[in-house]
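**Student:** Submitted below is the structure of interest, expressed as structure tokens.
The values are calculated or read from the model by the stated rules, or taken from the named source; none is laboratory data. Remember, it's a predicted structure, so these values are computed and weren't measured experimentally. With ideal geometry, Cβ positions are generated from the backbone for all residues, glycine too; neighbour counts draw on all protein chains shown. The protein model used for the area step is the full one, side chains on, heavy atoms only, and it has no ligands, DNA or RNA in it. Shrake-Rupley method; radii C 1.70, N 1.55, O 1.52, S 1.80 Å.
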Amino acid sequence: MKNLLIVLGIIFLLILIEIIREITTFKVTHYEIVSGKLKKNMGEKKIAFISDLHNYSYGKDNGKLLKAIEREEPDMILSAGDLLVGDKNKSSETAEKFVASLASEFPVYCANGNHEQRMKEKPATYGEKYIQYKKELLKAGVHLLENDSVLLDWAGSKVRISGLEIPLRYYGKFTKEKLKIDEIESRLGKADEDIFEILLSHNPVHAETYAKWGADLTLSGHLHGGMVRIPFKRGVITPQACLFPKYSGGIYDVGKKKIVVSKGLGVHTIPIRLFDEAEVIILHVKGKG
């Protein structure tokens, strides 16, 4: 029994050390995206994708994180939201400063996550915190996509980046309600088959609906990788308290479409990561049309 307790103690200590390591570091993950909707002669577009920072800071003013992104020399930054924490007693200054630093060097396109969205939709609870946050992002030159889109031209290929906010009820605990396509169309209109559609939508649970709407590439976060991951498989639990989510972190085929789900950069409420390293994602987007 004594030997067993010693072994269990060592295992617990090793797990604790790994959790501390994972909540204080991050990695850079690379994925390749190839689409026939994009012309081959456009070359490669490099996109840095971030999500779920939650006001976390890697070094002073997020210097380590900023330098890691700068080294990749991306053409643009995309965010799927939750850069701050939706708490009336917590400052969003860390998120504001970091995004402003990015926007001083790169085009930045942000969608809102559920934290930003609830601050916006519930001013009686959060006051003017979201208004101030939005003001700072716009002042820095960030393209904030609140159920809105921007149309870009990549060497003759038409690309649209859209930021979607779904109703907050889809973020409730134990929620399994399926998002409907008309919920997306009422906010963004119909997708265009002749345009490469990039959709920033925070919650990846509805990946199939995003694909059916017409998103060629969906970028999501929200699940923090499942907090604890079964190595080489999937995350264990979602913020909605659902076990073993299908799209918890990584790149997935949804029919002929793609969804990339970030494991996020920060933590909140329950500060745990195990076999679930925080990450910046670099997308290498190429055409074959």
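**Student:** Among the residues that make up the range 116-133, is at least one of them open to solvent by less than 20 Å² (accessible area, probe 1.4 Å) and in contact with a strand residue (DSSP E or B) (Cβ under 8 Å, 6 or more places away or on another chain)?
**Tutor:** Among the residues of the range 116-133, not one is open to solvent by less than 20 Å² (accessible area, probe 1.4 Å) and in contact with a strand residue (DSSP E or B) (Cβ under 8 Å, 6 or more places away or on another chain), which makes the answer no.
Each row is one residue, and each column tells you yes or no for (1) under 23 Å from F196 (Cβ atoms); (2) open to solvent by 50 Å² or more (accessible area, probe 1.4 Å); (3) among the small types (G, A, S).
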| site | (1), (2), (3) |
| --- | --- |
| G9 | no, no, yes |
| K27 | no, yes, no |
| Y58 | no, no, no |
| M76 | yes, no, no |
| D87 | no, no, no |
| S92 | no, no, yes |
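**Student:** Within the range 161-185, how many residues turn out to be aromatic (F, W, Y) and surrounded by 11 or more Cβ atoms within 10 Å (Cβ to Cβ)?
**Tutor:** The total comes to 2.
Residue by residue, here is whether (1) of a type outside the set (A, V, I, L, M); (2) over 18 Å from S51 (Cβ atoms); (3) more than 19 Å from the chain's Cα centre (by Cα) holds:
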residue: D82; (1), (2), (3): yes, no, no
residue: L102; (1), (2), (3): no, no, no
residue: E105; (1), (2), (3): yes, yes, yes
residue: Q117; (1), (2), (3): yes, no, no
residue: E121; (1), (2), (3): yes, yes, yes
residue: T125; (1), (2), (3): yes, yes, yes
residue: K129; (1), (2), (3): yes, yes, yes
residue: Q132; (1), (2), (3): yes, yes, yes
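**Student:** What single numbered condition from (1) in a helix (DSSP H, G or I); (2) surrounded by fewer than 20 Cβ atoms within 10 Å (Cβ to Cβ) fails to hold for E193?
**Tutor:** (1)
**Student:** Name the pairs whose Cβ atoms lie under 6 Å apart, with the first residue in the range 229-244 and more than 22 Å from E18 (Cβ to Cβ), the second open to solvent by 30 Å² or more (accessible area, probe 1.4 Å) and modelled with pLDDT under 85, and 6 or more positions between them or separate chains?
**Tutor:** Short answer, once both residue conditions are applied: Q240/K173; Q240/T175; A241/K173; A241/F174.
**Student:** Regarding the range 205-220, can at least one residue be identified that is farther than 27 Å from K286 by Cα and buried (at least 19 other Cβ atoms within 10 Å of the Cβ)?
**Tutor:** No, because not a single residue in the range 205-220 is farther than 27 Å from K286 by Cα and buried (at least 19 other Cβ atoms within 10 Å of the Cβ).
**Student:** Also: Is there a residue in the range 75-82 that is among the hydroxyl-bearing types (S, T, Y), touching a helix residue (DSSP H, G or I) at 6+ places or on another chain (Cβ under 9 Å), under 30 Å from L168 (Cα atoms) and at pLDDT 95 or above?
**Tutor:** The answer is yes, given that some residue of the range 75-82 is among the hydroxyl-bearing types (S, T, Y), touching a helix residue (DSSP H, G or I) at 6+ places or on another chain (Cβ under 9 Å), under 30 Å from L168 (Cα atoms) and at pLDDT 95 or above.
**Student:** Would you mind stating whether A68 is surrounded by 17 or more Cβ atoms within 10 Å (Cβ to Cβ) and either farther than 19 Å from D216 by Cα or at pLDDT below 95 (or both)?
**Tutor:** yes
**Student:** State whether the residues of the range 215-224 include one that is at pLDDT 95 or above, in contact with a Pro (Cβ under 8 Å, 6 or more places away or on another chain), under 17 Å from S35 (Cβ atoms) and not hydrophobic (A, V, I, L, M, F, W, C).
**Tutor:** Taking every residue of the range 215-224 in turn, at least one turns out to be at pLDDT 95 or above, in contact with a Pro (Cβ under 8 Å, 6 or more places away or on another chain), under 17 Å from S35 (Cβ atoms) and not hydrophobic (A, V, I, L, M, F, W, C).
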